[in-house]
Each structure stands twice: as structure tokens, then as C-alpha cells.
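Enquirer: The structure's right below; bear with me while I get my questions together.
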Amino acid sequence: MSQLRIAGLRAGIPGREILNGIDLEVASGEVHAVMGPNGSGKSTLSHVLMGRPGYQVHAGTVTIDGADLLTLPTWQRAQAGLFLAMQYPIEVPGVSLEEALGEAMAAAGRDRAEVGALVAAEAARIGFDHRFLSRPLNVDLSGGERKRNETLQLGVLRPRFAVLDEVDSGLDYDALRAVARRVEAATDEVGLGVLAITHYSRLLQVLRPDVVHVLAHGRIVATGGPELAEELDRTGYRAYGGAEDEGPAA
Ligand code: ADP
Ligand code: MG
């Protein structure tokens, strides 16, 4: 049983604070949804957690089982058990998926010879076409294919906690269900803890959240159960200071 703990986190870019004090605790096996209007700081939270260059932390702590993450470089945060499925996964020409995953497994003390079989098994689970597996990482993949690629990596790497930044965007209904089911299964099979950033409750109909948070203007302004996601689906984010056209109801 592990605990990802974010406490009093204030962060931003030079000259601008974007996150104005975030408190959030996710335990193994739990799914927490983070919803909120465009520009509220959702992706910034994911970047700051993973240590993307260009962001500054002004205050607060992020720990897994008490061990500080914020002083670590990104690769050591990954080794500590944190995974990020990016909103916009980047292309990495010249590096294949299996090479990248094999390196990550070896760095974690696992047998890289297993990577081929693991990738094939994960691809089958989420209906990811094997033609994509030999391509350079994300090169010439559609938005939806990249999201499945991120989910496949999550399945192979078996992190303790995963931040999913709009993993549902660009996915058609069948792909969305496959991805959500795979993540949900990981919460049961290996006790994955999830921070699922999403605009829409349709992801959460399969990946059932234990807790739903609303992030607005860099703050968590509401926390509730799954019914909060359903309410947002009807009302949008107007009540939380989001523009009318930014809500899921639009
Ligand atoms: P969300 O993911 O909730 O839509 P973001 O975290 O991407 O929001 O962005 C929050 C705000 O911070 C936006 O106004 C965005 O333009 C700004 N922002 C985020 N990252 C950067 C950056 N690297 N440089 C400049 N502005 C940024
Ligand atoms: Mg975003």
C-alpha cells in the first residue's frame, strides 16, 4: 500500500503562479479524477509532478510514501513509481517503443528480454495494432493512437501511480473503453493509484473514480464522489468560474 501525497503545492512558470496551493492524496488502488475548465492548471499539475523543465515550485511537497519527489530529476521520479501519460505525447524519432521500454525496465532492475512479450500482451489487451509497435515512438501516430501507446507503456512499466492527462481525448468510443478498462484493471491487479485528468465524464463511466476534484484557477474548489462528475456533465464549469463554452455540457 502506497500513498502519493501533494501538499500545499504552489508552482508556475517564471513570473506567473499557475497552481495556487494544491492538496491531494491518492492511495494505491484509488482513482481520483481531476476535472476543470481549460486553462485551470490541470496539465501544469501533471508537468510539475513529473518535473518538466520550465516550471518552478514555490512551495509545498510531493511525496510517495514520505519520500520527496520534487528534488529528483524526472527519470528518478519514474523509478520512484510515478508515471505520466501526457496530454500531447511527443514524437521521438530514432527510438522504438521496445527500445524505450527495454531501457526503462533494465533501469528498474527488470529483465529487458521480457519486453517483447509484454508489449505484445498489452497491445492485444487494448487493441493496439502491432504495425505501430516497430515505429519510432509516436512518429506519425494519430492522437488516439498515441493515447493507446501511452496506455500500453503504463501496462508494461507497472508504476505505482499514474497521472493521465486527458488520456481520453482523440479516442473513439471503443478505444476509450479499452483504455479505461485497462487502467481500471491495473488498479485491481497491481494496486495502481490513478490521477485521471479529464473534461468528460464518459471516461469515468468505465474508469470509476473514488473521488472527483474540480480544479479552477489553480485551486481545488470542490471534491466529491462520482456524482460530482455527473453533475458537471449537466451543468458545465460555470459554477466554478469556467466559461460557458468550456464545460463538458458544451
Ligand atoms: P489546463 O491543462 O487545465 O487546460 P494548463 O495547465 O495547460 O491548463 O495551463 C494553465 C495556464 O497556464 C494557462 O493559462 C496556460 O496558458 C498557462 N501555461 C501553462 N504552461 C505554460 C508554459 N509553459 N508557458 C506559458 N504559459 C503556460
Ligand atoms: Mg491540459
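Enquirer: I need the semi-axes of the equivalent ellipsoid of segment 188-244: take the C-alpha gyration tensor, multiply each eigenvalue by 5, square-root it, list largest first in whole angstrom.
Expert: One finds semi-axes of 22, 13, 9 Å for segment 188-244.
Enquirer: Only Cα pairs under 8 Å and at least 6 apart count here; give the relative contact order of segment 121-183 as a rounded whole percent.
Expert: Reported relative contact order: 45 percent.
Enquirer: Still on this structure, please answer the following. To test your reading of the geometry: what angle, between 0 and 90 degrees and rounded to tens, separates the Cα axis of helix 226-235 from the longest principal axis of the chain?
Expert: The answer is roughly 70 degrees.
Enquirer: Still on this structure: Relative to the present Cα-Cα distance, how much length would full extension add between ARG125 and GLU17 at 0.36 nm per residue of separation?
Expert: Using 0.36 nm per residue and subtracting the Cα-Cα distance, I get 34.8 nm.
Enquirer: Explain nothing, just compute: Karplus ³J(HN,Hα) = 6.51 cos²θ - 1.76 cosθ + 1.60, θ = phi - 60°, for every residue of segment 139-150 in order, whole Hz, x for Gly and Pro.
Expert: Each residue's phi maps through the Karplus curve to give 5, 6, 8, 6, x, x, 5, 5, 5, 5, 4, 4 Hz.
Enquirer: Name the residues whose placed amide hydrogens come within less than 5 Å of the amide hydrogen of ILE22, ignoring near sequence neighbours (fewer than 5 apart) on the same chain.
Expert: Placed amide hydrogens put GLY8, LEU9, ARG10 under 5 Å from ILE22.
Enquirer: OK, next. Say we join alpha carbon atoms closer than 10 Å with springs in a Gaussian network model of the chain; which of PRO89, PRO226, PRO14 then has the biggest fluctuation?
Expert: Per the Cα network of the chain with a 10 Å cutoff, PRO14 tops the list.
Enquirer: Moving to a separate point now. Any number yet on Rg/Rh for the chain, C-alpha, Kirkwood? List each step's numbers first, then the result.
Expert: Details: Rg = 17.4 Å, Rh = 18.3 Å.
For the chain, the value is 0.95.
Enquirer: Rounded to the nearest 500, what is the chain's calculated 222 nm mean residue ellipticity when only DSSP H runs of at least 4 contribute -39500 (n - 2.57) each, over all residues?
Expert: That calculation yields -10000 deg cm²/dmol at 222 nm.
Enquirer: When the chain is modelled as a GNM with alpha-carbon springs shorter than 10 Å, which of ARG131, ARG16, ARG112 fluctuates the most?
Expert: Of ARG131, ARG16, ARG112, the most mobile in the Gaussian network model is ARG131.
Enquirer: Pairwise over distinct Cα atoms, reciprocal of the mean inverse distance: report the Kirkwood radius of segment 1-65 in Å, one decimal place.
Expert: 12.4 Å
Enquirer: Provide THR151, THR235 in ascending order of the number of other Cβ atoms located within 10 Å of each residue's Cβ, fewest first.
Expert: THR235, THR151
Enquirer: Then there's this: Provide the packing ranking of 22-34, 49-61, i.e. peptides ordered by the mean count of other C-beta atoms within 10 Å per residue, highest first.
Expert: Per-residue Cβ counts within 10 Å, averaged per peptide and sorted highest first, yield 22-34, 49-61.
Enquirer: Provide the per-residue ³J(HN,Hα) series for segment 194-205, in order, calculated from phi with Karplus coefficients 6.51, -1.76, 1.60 and θ = phi - 60°, each as a whole number of Hz, with x at glycine and proline positions.
Expert: 10, 10, 9, 8, 7, 8, 10, 7, 5, 4, 7, 6
Enquirer: Give me the number: length gained by fully extending GLU227 to ALA108, i.e. 0.36 nm times residue separation minus the C-alpha to C-alpha distance, one decimal in nm.
Expert: 39.0 nm
Enquirer: Right, here's the next one. How far is helix 173-189 tilted off the main Cα axis of the chain, in degrees rounded to 10, range 0 to 90?
Expert: 90 degrees
Enquirer: If you don't mind, another one. Could you run the Karplus curve 6.51 cos²θ - 1.76 cosθ + 1.60 with θ = phi - 60° over segment 154-169 and give me ³J(HN,Hα) per residue in whole Hz, x for Gly and Pro?
Expert: 4, x, 6, 7, 6, x, 7, 9, 10, 9, 10, 8, 6, 5, 7, 6
Enquirer: Expressed as cubic angstrom per residue, what is the convex hull volume of the alpha carbon set of segment 66-145?
Expert: Details: hull volume 9.9 nm³, N = 80.
So the per-residue hull volume is 124 Å³.
Enquirer: Find the all-direction average of the projected area of the Cα convex hull for segment 109-247, expressing the result in square nanometres with one decimal place.
Expert: Spelled out: convex hull of the Cα atoms, projected over all directions, averaged, 9.7 nm².
Enquirer: Summing +1 for each Lys or Arg and -1 for each Asp or Glu, what net charge is found among the other residues whose Cβ lies under 10 Å from the Cβ of ARG5?
Expert: -3
Enquirer: As I understand it, the value is the acute angle between the Cα axis of helix 97-107 and the longest principal axis of the Cα atoms of the chain; what does it come to in degrees, rounded to 10?
Expert: 80 degrees
Values in this text are rule-based calculations from the coordinates and carry no lab data. Because the structure is predicted, anything quoted here is derived from the model rather than measured. A quick note on method: Cβ atoms are made from the backbone with ideal geometry, for glycine too, and the neighbour counts reach across all protein chains shown.
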